[in-house]
Amino acid sequence: MYQEQEIDVAVIGGGHAGCEAALAVARMGLSCVLFAVNLDSIAMMPCNPSIGGTSKGHLVREVDALGGEMGRNIDKTFIQSRMLNTGKGPAVHSLRAQADKFRYKETMKHTLEEQEGLLIRQSEVVDIDIQDGSVKGVITAAGAYYPCKAAVICTGTYLNSTCFHGEWKAQSGPNGMQSARGGLSEALVGKGLPLRRFKTGTPARVDGKTLDFSKMGEQKGDERIIPFSFETDAEEIERPQRSCYLTYTNKRTHEIIRKNLHRSPLFGGAIVGIGPRYCPSIEDKVVRFADKERHQLFLEPEGENTNEYYVQGMSSSLPEDVQRDMLRTIAGMENVRIMRTGYAIEYDCIDPLELKHTLEIKKFHGLFSAGQFNGSSGYEEAAAQGLIAGINAALEIKGEEPLILDRSQGYIGVLIDDLVIKGTNEPYRMMTSRAEYRLLLRQDNADLRLTELGHRVGLISEERYTRFLAKKEAIEQEKERLKQVHVSVGANDLLTSLGSTPLSSGTTMEELLKRPEVSYESLASVDPERPLLSRDITEQVEIQIRYAGYIEKQNAQVEKFKKLENKKIPEDIDYEAVGNLRTEAVQKLSRVRPASVGQASRISGVSPADISVLIIYLEQRRRHAAERKV
């Protein structure tokens, strides 16, 4: 073994979590080395060629608001952009962009290379030196020892990974990349950190020259492009967009799958890892939803300069010949040729109940983790955790307070709280339904919610922060102005043309904007003195006025939530000593070690009655402590 230079933080893995963690550490002024088994795998998109989507778009916007890179990178490399769920309210609007996979990873890798204080290294970390419960360094397969103060594990689906293609399996990582099998799993288990196996999968990639798109439904991008990053100018990224195409499976497809289930490693028992419930393989879909005659598929381009298309919705681990036969039963794919066979992949990960909300592993000071190693799935979920883990690793080294987002502050807070408090028995995926306060946690206001926090930790520049403050002020000034602008019955012709009820007497512009059929833009002719404002400002004005009543109700709910979150639980509490707690509650509370009553209330197996008992106990303990002081 030989010693390399001393660094502040080692980031193990170069996927979406590792990229955000490493950039955060370096941008906060510390030294960092990002280790990847293969540098060509940095920011690779081994599964779907897209960023964002329902709820995931919220995460990307929040990562950007905190100073992360994913939003900026997809703005540079997208080939199609669409806002989803526009027929519903703004709380569930979600931006989604098709990525040029190859440009995405190349652009991100170059960003890492250019970042001061950050070195990227093709090398496999096989052990973490932990002394007296704290990280002291990392050791590579080549025998290099890097002394460090903290490490972030972002191994994704590479750790002890195995890929399955029907009866054939290979000890490889995603997309044929080398698996990380040098001994890190064994080292972690030897240090007392139990691991488990999860599984995910991906569909085949097919040759676009062999597809008949005339038999499919075309899905174009939006005419008006909305960037992911609050820093990106929409006009500067306008470009020609590539279409996606919609088609469906059918009875013949399902028959072929059913006849070959015995050849599926998923149903034959070869795969022991637990797969994602919300992104099942086509085999799973056909078995679990036997009454459905068809399943929706999207043909998505993998890049600008390739003929490869991704068959979204058809993840499979069936043998190559079965994948070929079932694909050829689908309209527009009768003559399809497979370029890359779909596969399932198993990998090692931890139970996220081992984590603090900072994403530091409870057992070891200075050891953080993020992404699929924590039991989640998805590029966006990984990036969000990587950013938080990197920030908190840096803050811990600096001796500063950690950054912890709660459930009322962002989808990132919901994601981490769900993992750390509730745990997961399958790859966790973010969904809008998981966020109790989703009207407040819209993607459009992520910057208003989180930019100040990003600035506080040092990831938002002064220039960007100044622009942000100006935007906030402009929103408030315009809302206040609209309260004062009087509209007379002379506006009735306009209101009638908009399908809105005519006025019987005058009103304010603010009141008119509360009508669902009326928009800020549509009232321009009766508001001649309005200032010239950017669309992102007027959008916020309109939403905040229109949904004011609902927002007020959610804010009241948040206040109740905060009260429980602020009831702190002492770290040294002995739950065995809390009388009348059920045995299951004692076990779960002792395992998770929640920091507050609010967190305790979200633990599976802890009932409202248990929470009442705990609150009474904490109050008695507080009184006794006060009496002893007197």
Out of everything in segment 296-317 that is assigned to a loop (DSSP other than H, G, I, E, B) and buried (at least 18 other Cβ atoms within 10 Å of the Cβ), what residue ends up being farthest from the chain's Cα centre (by Cα)?
Ser317
Give me the pairs, please: first residue somewhere in segment 363-374 and modelled with pLDDT of 95 or more, second residue anywhere and open to solvent by 10 Å² or more (accessible area, probe 1.4 Å) and among the basic types (Lys, Arg), beta-carbon distance under 7 Å, and either six or more positions apart or on two chains.
Gly366/Lys149
Enumerated helices (runs of 4 or more DSSP H) restricted to segment 532-630, each holding at least 1 residues that are more than 26 Å from Leu355 (Cα to Cα):
535-546, 548-565, 608-629
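Please state which one of Leu469, Leu448, Leu439 is open to solvent by 10 Å² or more (accessible area, probe 1.4 Å), over 27 Å from Glu354 (Cα atoms) and not in a helix (DSSP H, G or I). Outline the logic, then answer.
Working: Leu469 fails: not in a helix (DSSP H, G or I); Leu448 fails: not in a helix (DSSP H, G or I).
Going through Leu469, Leu448, Leu439 in turn, just one is open to solvent by 10 Å² or more (accessible area, probe 1.4 Å), over 27 Å from Glu354 (Cα atoms) and not in a helix (DSSP H, G or I): Leu439.
Hey, among Met83, Met28, Met70, Met45, which residue is buried (at least 24 other Cβ atoms within 10 Å of the Cβ) and at pLDDT 95 or above? It would help to see each step written out before you state the result.
Numbers: Met83 fails: buried (at least 24 other Cβ atoms within 10 Å of the Cβ); Met28 fails: buried (at least 24 other Cβ atoms within 10 Å of the Cβ); Met45 fails: buried (at least 24 other Cβ atoms within 10 Å of the Cβ).
The conditions single out Met70.
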Tally the residues that are open to solvent by 20 Å² or more (accessible area, probe 1.4 Å) and either modelled with pLDDT under 95 or more than 17 Å from the chain's Cα centre (by Cα) (or both), restricting the search to segment 1-25.
7
For residues in segment 246-282 being more than 30 Å from the chain's Cα centre (by Cα) and of a type in the set (Val, Ile, Thr), which is most open to solvent (accessible area, probe 1.4 Å)?
Ile256
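Return the only residue of Ser172, Ser161, Ser185, Ser179 being of a type in the set (S, T, N, Q) and either open to solvent by 60 Å² or more (accessible area, probe 1.4 Å) or touching a helix residue (DSSP H, G or I) at 6+ places or on another chain (Cβ under 9 Å) (or both).
Numbers: Ser172 fails: either open to solvent by 60 Å² or more (accessible area, probe 1.4 Å) or touching a helix residue (DSSP H, G or I) at 6+ places or on another chain (Cβ under 9 Å) (or both); Ser185 fails: either open to solvent by 60 Å² or more (accessible area, probe 1.4 Å) or touching a helix residue (DSSP H, G or I) at 6+ places or on another chain (Cβ under 9 Å) (or both); Ser179 fails: either open to solvent by 60 Å² or more (accessible area, probe 1.4 Å) or touching a helix residue (DSSP H, G or I) at 6+ places or on another chain (Cβ under 9 Å) (or both).
Among Ser172, Ser161, Ser185, Ser179, only Ser161 is of a type in the set (S, T, N, Q) and either open to solvent by 60 Å² or more (accessible area, probe 1.4 Å) or touching a helix residue (DSSP H, G or I) at 6+ places or on another chain (Cβ under 9 Å) (or both).
Looking only at segment 220-229, decide whether some residue is modelled with pLDDT under 90, among the β-branched types (Val, Ile, Thr), open to solvent by less than 80 Å² (accessible area, probe 1.4 Å) and under 28 Å from the mean Cα position of the chain (by Cα). Show your work before the answer.
Step one: of segment 220-229, the residues modelled with pLDDT under 90 are none.
Within segment 220-229, not a single residue is modelled with pLDDT under 90, among the β-branched types (Val, Ile, Thr), open to solvent by less than 80 Å² (accessible area, probe 1.4 Å) and under 28 Å from the mean Cα position of the chain (by Cα).
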Looking at Gly413, Gly390, which is the one that is touching a residue at least 24 places away in the same chain (Cβ under 8 Å), of a type in the set (Gly, Ala, Ser) and outside any strand (DSSP E or B)?
Gly390
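Taking segment 541-572 as the search range and keeping residues that are touching a strand residue (DSSP E or B) at 6+ places or on another chain (Cβ under 9 Å) and open to solvent by 70 Å² or more (accessible area, probe 1.4 Å), which one is farthest from Leu523 (Cα to Cα)?
Within segment 541-572, the subset touching a strand residue (DSSP E or B) at 6+ places or on another chain (Cβ under 9 Å) is 564-569.
The next check asks that each one be open to solvent by 70 Å² or more (accessible area, probe 1.4 Å); those that pass are 566-568.
Values: Asn566: 44, Lys567: 47, Lys568: 49 Å.
The qualifying residue farthest from Leu523 (Cα to Cα) is Lys568.
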Name the pairs whose Cβ atoms lie under 9 Å apart, with the first residue in segment 10-27 and in contact (Cβ under 8 Å) with a residue 12 or more places away in the chain and farther than 13 Å from Ala383 by Cβ, the second among the small types (Gly, Ala, Ser) and open to solvent by 10 Å² or more (accessible area, probe 1.4 Å), and 6 or more positions between them or separate chains?
Ile12/Ala180; Val25/Ser31; Val25/Gly117; Ala26/Gly117; Arg27/Gly117; Arg27/Gly458
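Which fully enclosed strands (runs of 3 or more DSSP E) of segment 1-76 have 3 or more residues being more than 30 Å from Pro90 (Cβ to Cβ)? Give the steps one after another, and end with the answer.
Numbers: elements: 9-12, 32-36, 50-52.
Here the list reads 9-12, 32-36.
For segment 128-149, which positions are in contact with a His (Cβ under 8 Å, 6 or more places away or on another chain) and either open to solvent by 20 Å² or more (accessible area, probe 1.4 Å) or on the phi > 0 side of the Ramachandran plot (or both)? Before the answer, list the steps.
Taking segment 128-149 first, the residues in contact with a His (Cβ under 8 Å, 6 or more places away or on another chain) are 133-135.
Answer for segment 128-149, where residues must be in contact with a His (Cβ under 8 Å, 6 or more places away or on another chain) and either open to solvent by 20 Å² or more (accessible area, probe 1.4 Å) or on the phi > 0 side of the Ramachandran plot (or both): Gly133, Ser134.
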Which members of segment 573-601 meet the condition of being open to solvent by 20 Å² or more (accessible area, probe 1.4 Å), more than 22 Å from Lys363 (Cβ to Cβ) and under 27 Å from the mean Cα position of the chain (by Cα)?
Ser601
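The values are calculated or read from the model by the stated rules, or taken from the named source; none is laboratory data. These figures come from a predicted structure and were not determined experimentally. Note that we place each Cβ from the backbone using ideal geometry, even for glycine, and neighbour counts take in every protein chain shown. SASA here: full protein model, heavy atoms, side chains in, ligands and nucleic acids out. Shrake-Rupley method; radii C 1.70, N 1.55, O 1.52, S 1.80 Å.
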